Structures are given as C-alpha cells and as structure tokens.
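J.: First the structure, then my questions, so here it is.
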Amino acid sequence: MVLCLGATAAVAQTTGEIFGRAADTSGAVLPGTTITVAGPALIQPRVVVTSETGTYRVPELPIGSYTVTFELTGFRTVVFQDIRVTIGFRAQVNAELQLSQVQETVTVTGESPIIDTRETGTKTSFDIETLQNIPSARDPWVMLERTPNIAMDRVNVGGTQSGQQSNYVSRGAAGGNNKWSVDGVDITDMSATGASPMYYDFDMLEEMQVTTGGADVSQQTGGVGINFVTRSGTDKFRGSGRFYLTDDKFQADNVDDDLKRQRAGSGAPIQNIKDYGFEVGGPIKAGRAWFWGSYGKQDIKAGIVGFYSQDARCQQIKAALAADPFAPFSTDEQRGCLGTDGTLLNNYNAKVTVVPFANNRINFQNTWGAKSKNARDASDTRPIETTFRQGAAPSRFGKYGWITGPTPFWKASDQHVFSDRWIMDVQWAHVGNNFVLDFHEDSLENVQPTYNISTRIWGRSYLRSGPFLRPTNSIDVTTNYFWPAAILGDHSFKVGYRWRSANSHSELHYGGNTIAANRGSSCATAAGNCEAWLFRDSVTNYHLNTNALYAQDTIQSGRLTINVGVRWDNQSEEALPSTVPASPLAPATLPQVTFAGADSGVSWNDISPRLGVNWDFQNDGRTVAHASYATYFGQMGPGQLSGILNPVGTIETDYPWLDANNDNVVQANEIDFSRLLFFSGNWDPARPSFVGTVNTVDPNIKNDRTREFIVGLDRQLTGDLAVGASYIWRKYDRFSWDDRLNFTSADYVARTFTPTSAQCPVAGARCDTVTYYEPTIPIPGVRVRTNVPDRYRTYGGAEFTLRKRMSNRWMANASLALNDAVDHWDSGNAYEDPTCISTQCVPGQQYAPESGGSGIDNIFTSAKWLVKGMGQYMLPWHFNVAANYQIRQGYPFPQSIVTPTRANRAGTATTLIEPMGEVRQDNFQIFDLRLDRAFQFGNMRLVPSLDVFNVSNGNTVLARRRNQNASNANVVSGIVAPRVIRFGVRVQW
C-alpha cells in the first residue's frame, strides 16, 4: 500500500507515469538519451528520448512493475528494475550515465521511488498484494475503513456488513459529493449522489485508490474519490480461484451480562458467509490482443440485534427476553432465533484489449453486478414483514442488460500515442443502474403499516420503493502533452472534456397508502392521540445533462514543481412528464395528477481553480514540502432543483385518527380531516385539490462550494520507509433548502415539555424538561428552493502517516488523524424552526450526519481522532502473518425527547438533550490477524489461509435507541460482531 501526503491527487485514472532526467557523472545533462520502459502490463514497450535539458516523461502507464533502460552511445547502459507504478503515481527515475569504451550495462534494483515529488494532495493506494494479504472482509468499503481519516458508519467484522454500501465521512465533507470510478470512468450514482451504482467482486481489482483531498482538475467535487483499476490479460496465460468460508461454528460470544441488561440479546453474529470465484486472462495473440474475465459470488447471512424469526417459538423467546434479559435460553438457542439478513452478490467481468496498429490500444469491457437481499433494513424496530426484498428491476421496465437486470457497466476506449510527448485517450461508457426495494411479500401491498411514534417500531407492512431506473451515458476525452525546456521549465499539460447524461425513474408506494401511527396505546379512544398518515403514490422522471472542460499544467524547474489548473462544469436538469393515481382514502385532497414536466430554469456554470506547489529540498526526492489550494463544486443530481416543482413526488398529509371499530386499520370515516397535523411534498394545504405546481426555484440559486487549503511535508527516512504530515483546512457553504414564503423563525413561540413517568417507563432514561418551538400561524405550503443564508461548515485537521514498503520481509502502514468539523448557523435566517437551534443547530457543534437508507440507521458518524495500522511479516518456511488494527473515538449518542404533536401543521419534534457529540458511545478498537502459507506445485501455487477477526472479542456498543420518552429508551441496537475465524484457499497459476 502507498500513502501519499502531498501535482494534486490524480483521480479517475487507471495509470501512472515515469519521468526524470539523464545526466553524466559531472551532472551535465544528456539530451538524446533513449529511454525504454517495458513491463508485463504493456503489450509493447514505450520508447522516448530525453530533451535538450535531459528530461523525459512517459505518461499513461498501466499500473504495474517496470524496467526502465537508459541508452546513449559512448555511455554505459543503465537499467532500473522493479519500478512500481500505482494509480496516479509519478515515479521519478533519474540516471547517472558513465562514459565507457565498451558496451556495458549497469543494473539497479531496490530504487523504486516511495515519494511522489509532484503530489500535493492526500491519497492512498491499495495494491493487489495489500488487497489480498492483509486481513479484511474482502469488500471495497472495508478498504475505505483502512484509509487515513475516513470514518465509517459501521464495523464490518469478517463480512457481517458486506453486501450493503457503508456510509462514511472524511474532513467534514457531505457524502453526496463522493465519487466512484472504474478504469478511469466516473460511474457515480447520480440519483443517489455519492453512492456506487453497483457492487464488486474483490478479485476483479488490481488496485484501489482513495483520494481524500487535493484532487486535481479531473475531479469535480471535494468529496472522497474512489478509483478502481480492474485486472487485465497479459502475454502470459494466468489465473486464480478462491474459496472462503466463515461460519457460526467458529465464532465466539461477546455479549456479557451488562449488555444483556441493555437488551443486546445474542448480539450481531455471523451465520454463514461463502465467497468464491475465479479470474483468468492471457493472450489472444501475443503482442496484439489479450483477454481477461472473472466470476465472483458472495453469499452472506448475518444476524442483527433484536431481529427475530417469526417462528412461534422464537417469538416466545423474544417476549421472554424483553421481560427478563436473563431468561434461561442458551446463546445457541437465542442465535438460532435471529432472523437472517441475507445478501447474494453475483459479479461477472469480461475485458478484451487489442493493439490494431503501432502506438494504439483499444479496450472493450463489460461488468454485470447482481444483488438480491431478503430483508434489507432489518433491525429491532423493523421486523421481517416491514423489511425490503431487494433485486433487479424486471425486464418489462426496459431492455435487459442495458436498463434492467443485473446492473451492467459497458465501456469502450481508445488510446493513441502520437509521439514520445503527446498521448490521447477517448472513452465511452454506459451504466444501467437499476433495482427494486419491494414489499417483503406481494400480499402486503394493500396492508397499512403501523408505526409507534415514540419507539419508532414498525409493524404489519411497509412500502415499495422502486423500480429505480438510473441509466447513464458518458464520453471522456483527455490528452497529455510534454513540453520540455520551455518558459519557466518543463511543462506537462493535461486537457480533458467530459459529457454525461443521466435519466432517473423512480416509484414509491406505501402499503394501503396509509400509515396507522400510534403512541403505544389504544387508538379506539381520543386519549391514544393516534394519527393517520396518508400518502399519494410517487412516480417521477428526471433528466440530467453535464459538461466539463478542464486544463492543467505541471511546471517543473529544478527543485520546484507548480501545478496550475482550472475546471469548468455545466450542469442542468429537468422534471419529465408523469402521472400518479389519487389516494384511495382521500381522493378529494390527494387527487390524481398528470404532470407535463418542468424545467427549473437554472443551469449551473462553475469555475474551479486548482493550485499546488512542491519543493524538493535536496533535489533527490527524499524530502518534499507541498501546499495546495482548491475550490470544488457539488455534483448535481436529477431532480435536485426541479424536484420542488414536481407534484407527482411523494405527498404526505397527517390527520387525527380515532379507530372507531378498534380494528387498527384506518378508514376514511375515522379521520378528522378538519385538523391537518403535518404535511410534506409539493402540496398546498390552502388548495388541497390543486394539481399544479405551487413552488418555485430561485433563479439565483448557487451550487454548493468547498474551499480547501493543504500544507504538508513528506520525508523518506530509508529506501523503503517514509513519513508524512499534513494540515488541512476546509470551508463548506452555499447549502440549499426549501424556504417557506412569508414564514420565518420569528413565527414560532417557545414551549416546554416534561415527559410524565408513564411516558418514560425505562429506568435510567433521561426525561428532562426540554424547550421546543411551535408555530403561531399555520405553516404555509408554498416554498422556494434557494440557498441558506448565514449557514456554513468549517474543518481543520491534521494527518500523520508512516509507510514501509515490503522489504527485508516486512511492510507496514499507519496513520493518525485529528479532526474538527464544525457546523455554523450565524443568525436566525439560517433556520426556520427554532427547535433546531435549541440543540440540533447549536453553532460550533460537531458535524455528524445520520446514516439511513443503506441497511443501517441510528448511527451518527463523527470521530475527532482515528488511529489505523496494518502490516505483514514473511516468516520462515513460506509462512506469512499479517494484521490490521484500528482505534477511534466512539459514535455520538444524541439522546432526545419526542415532543407532543405541535399546532399549526408542525407535527412532532425530536429535541436533543445535549448538543451533538457531547455524549458518545465508548471508543472502538479492533485487531485482526491472518496466517497463510504458500505451496508451489510446478506452475501452480496453492495458498491456504486463516483469518481471525476481532481477536480480542471486543463488544463495543455502536448504537442505542436514543428517544428517552419511549419504552425502548437506551436499548442496544448495534454492537460489534464477535470474534470469528475465516478459512480460505487460493489457487494461482
């Protein structure tokens, strides 16, 4: 693994470069020296000639190991072996040639650079050795967890959380600005900005790079940039296969008596995980064409705290444990009653690379990623009947393999080397992202869900979300040109253009179009304070179009390197026509709507400057200082602006409900339509039957912005050991919101609420008196989407890294990150409901977004410090031992009080007792170990392995139910999975 602290961090790349200079023993430069770069990743060697200043550059090299040969008549030939090029890494290789009367060759080994002297950003590259040899759950999101200064929203012990995307935070950045790239193509899900559109076979990856700051002009946003490079064929036929097994028979029990008292039950154990597949590649015609393909399958079955099977015996055990957490049931009996959170991932890959003529390379590739899940979002508050069945959209919604079916990724690219100074790449790609989150059973479509407002426990049914159809098409054109010995020094130019088009179709239907909401008591009397939440279906269609143009110049003169770049982004989107049916219970207030479509009238044109400066103190690449400044802008999603104009999105209206016949089902004659308690969506309570658009978009609304400054130092202590330090400052602003017209924070009045003992039944719950705010006039329905005034976020932090490349039988990487991400609300204009400012919007509190919609909730991601380390040691007799260790600050635990339903359509409010981050769960740490031993049988290599995850059997609580005036207050809803052993075997040939 390579960690670079400190040219700007290159993103969405599949390649690196080798550059440097040739000189004689006196230091005089040697123009005309022939440089030949050869390696298994190249079909044909690359040859360049040094300039009049003795400099050279070989860009766009596929990742891998290279031999660099320097040749000049009258001098000894110098050969550098094993020069390692990773994603975006610029390896500086300088040669000193000696005069010679005879043909001689000097071979140099062990001199591969460890510091990128042109890097001003912060990035981490995980090469194939790290991906395969360090103990992990074999999941790209786990590698994000290993990256310096990235805080995850979950802990994946041996695969317990695999098969579902993790959320993560780095440097206070919002997740919506994260970027995902495969083989140089940005494939980010534009309808769930910041997310990946698919899942991956871990063995398809040759390398993974994560950029956390200082991104160059090829990245639009300031979020985390994740870039994968997949494997390719070579002139040598090769392949591998693997099988890994993790089973509950080989795991410990980490639930002690204290956790049992907190209703942790039997914890969150693994039930069974199988991971198997193969990959193979080789020549179609040596030196002309290669192929590569793979298949991978992950079958993941895990238990979740409090999520029980519907079996009668298991429901008896659940009830008994709720009454007495020490009820006499064995751990095996309790675990056997946990419902299965099952995920199945199937991944197919194919790639062909062809050299049709000299200096040209064409690539075709296809990936299909299929995911199915039996109980998405299962938890102690979401029993099995309220979970989702996840799968691909059926073919009736579009062409299979293009719009529907397993998510496809199609790519074609062409690279041409015009000369030893000029190279160009053209890429086209299509991603057919699609899925459905369906009712757990088809019969639940017309069944109304129940919901306890205090405990947040669902029952009976839930909703169908989807199908989601999110196809995108893109074209990328980039060119690199090297101009040596020009004004100010050598210039390396990069210019690029990107076009991307994205469509987004989505549907949503709540069971029975209604939620029967209660507060834990009978709804047959007015004292129950029950509510009927009515929904009209949602069917939306949006289109997004983006264009980007960027240019960058890397200027090198002696010890100084300057990177100057600028990027232009144009983004626009519109809502397309659609129709939704009326609400069956309230057709008068929620009628059928036919929408003709709408354009927000806003097109964002953003200019992003980038500047980086490096100083090589000794001109030997061993001590390098760096500084950079960048402005980034957000990525627009379909419907981001026009969504407020769309009347066919989800509409919710809440009314008092008295269950007259005591059947716990909402009927129209049981609803008090005269009292609107709450509403949401593009709906005007003053004109409830109006089917047009009542909202607007501010024509002057601006894109969200990130400004960043980084300063740091890298020092290579020995040939294989380097340390680094960086300070990072950021400011995030120009956030958007939906501002209600003629309605401000001044239209609220303070109230206090003290829950009664009956409302606070749990011993030890904090039922303090809280202040909340209630509107004095009815909340209006007309809104305008605009920027939030006086609202921003700042970040200041430091990062320290150590990296030791594999040599002398060992390697290691470690990092320490110190963070302070602070939210600011500088005036009453920055919020509407003052309940927010009483606790949630306290100026100066820590930024801690809550996870949701990705298989987990009730987690607030924030850590003011994180320590991470990993390493490997090669023991005698071909044994290898590797380890991973992490320790970080615990998650925030924002204890809260749910208020009564407020007047004037305001609904309930959740009021924090202390500001975010004041109270936290315990600090978390984990230690994993791996042991393997390779056996060689001719050309075949067999590697059995044993991984032990959570060696200490830690049981850190990750989440508790936070509402204090509820019967499940402070109940444990998430803990670290117990120690477990994984057995594996890998075959390579």
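J.: Find the all-direction average of the projected area of the Cα convex hull for region 207-252, expressing the result in square nanometres with one decimal place.
T.: Over all viewing directions, region 207-252 projects a mean Cα-hull area of 7.1 nm².
J.: What is the Rg over Rh value, at two decimals, for region 132-988, using alpha-carbon atoms and the Kirkwood definition of Rh?
T.: 0.96
J.: Taking K and R as +1 and D and E as -1, what net charge do the other residues with C-beta under 9 Å from the C-beta of T343 add up to?
T.: +2
J.: Taking the Cβ-Cβ separation of K274 and S807 as r and a Förster radius of 30 Å, what is the calculated FRET efficiency to the nearest 0.05?
T.: It comes to 0.25.
J.: Among T160, T561, which comes first, then next, by fewest other beta-carbon atoms within 10 Å?
T.: T561, T160
J.: What FRET efficiency would be calculated for the residue pair A725, S557, taking the C-beta separation as r and a Förster radius of 25 Å, to the nearest 0.05?
T.: Using R0 = 25 Å, I get an efficiency of 0.45.
J.: Next up: As a footprinting exposure proxy, order T14, T387 by other Cβ within 10 Å, with the fewest listed first.
T.: Listed from fewest to most nearby Cβ atoms, that is T387, T14.
J.: Using a cut-off of 13 Å between beta-carbons, work out the net charge of the residues near W825 (Lys and Arg +1, Asp and Glu -1, W825 not included).
T.: Every neighbour counted, the sum reads -4.
J.: How much length is gained if the chain between D258 and R707 is pulled fully straight, taking 0.36 nm per residue apart and subtracting their Cα-Cα distance, in nm to one decimal?
T.: Fully extending the segment from D258 to R707 adds 157.0 nm.
J.: Here's something else I'd like to know. Work out the FRET efficiency for V29 and V566 from their Cβ-Cβ distance, taking R0 = 30 Å, and round it to the nearest 0.05.
T.: In this case the efficiency is close to 0.40.
J.: If you don't mind, there's one more thing I want to ask. Determine the sum of side-chain charges near A174: Lys and Arg each +1, Asp and Glu each -1, restricted to other residues whose C-beta is under 11 angstrom from that of A174.
T.: So the surrounding residues net to +1.
J.: Just want the ordering: D553, D186, D216, from fewest to most Cβ atoms lying within 10 Å of their own Cβ.
T.: D553, D186, D216
J.: Contour minus end-to-end for A322 and M940, with contour as 0.36 nm per residue of separation and end-to-end as the Cα-Cα distance?
T.: 217.0 nm
J.: Compute the distance in nm between two label points, each set 7 Å from the Cα along the Cα-to-Cβ direction, one at N473 and one at W989.
T.: 4.2
J.: Given N residues in region 2-121, what is its alpha carbon radius of gyration divided by 2.2 N^0.38 Å?
T.: The reported ratio for this selection is 1.06.
J.: I would also like to ask the following. Can you tell me how much longer the chain between D442 and F364 gets when fully stretched, taken as 0.36 nm per residue apart minus their C-alpha distance, in nm with one decimal?
T.: 24.1 nm
J.: Explain nothing, just the number: dipole magnitude of region 132-988 about its Cα centre with +1 on each Lys and Arg Cβ and -1 on each Asp and Glu Cβ, in debye rounded to the nearest 20.
T.: Result for region 132-988 is approximately 1960 debye, rounded to the nearest 20.
J.: Can you list which of the chymotrypsin sites (Phe, Trp or Tyr not before Pro) found in region 320-427 are DSSP loop residues with at most 15 other C-beta atoms within 10 Å?
T.: Those that pass, being in a loop and sparsely packed, are F326, F357, W402, F418.
J.: Can you compute the label reach from T718? Point 7 Å from Cα along the Cβ direction, backbone N cut-off under 20 Å, restricted to region 861-879.
T.: Under 20 Å, as judged by backbone N against the label point of T718, lie 869-876 of region 861-879.
J.: Only bridges with both residues in the chain count here: give the DSSP antiparallel percent, nearest 5.
T.: In the chain, approximately 95 percent of DSSP beta bridges are antiparallel ones.
J.: Ok, one more. When only Cα pairs under 8 Å and 6 or more residues apart are kept, what is the percent relative contact order across region 132-988?
T.: 12
Bear in mind these aren't lab numbers, they're just calculated from the coordinates by the rules spelled out. No experiment lies behind these values; they were computed from the predicted model shown. Ideal geometry is used to build each Cβ from the backbone, glycine not excepted, and the neighbour counts take in all protein chains shown.
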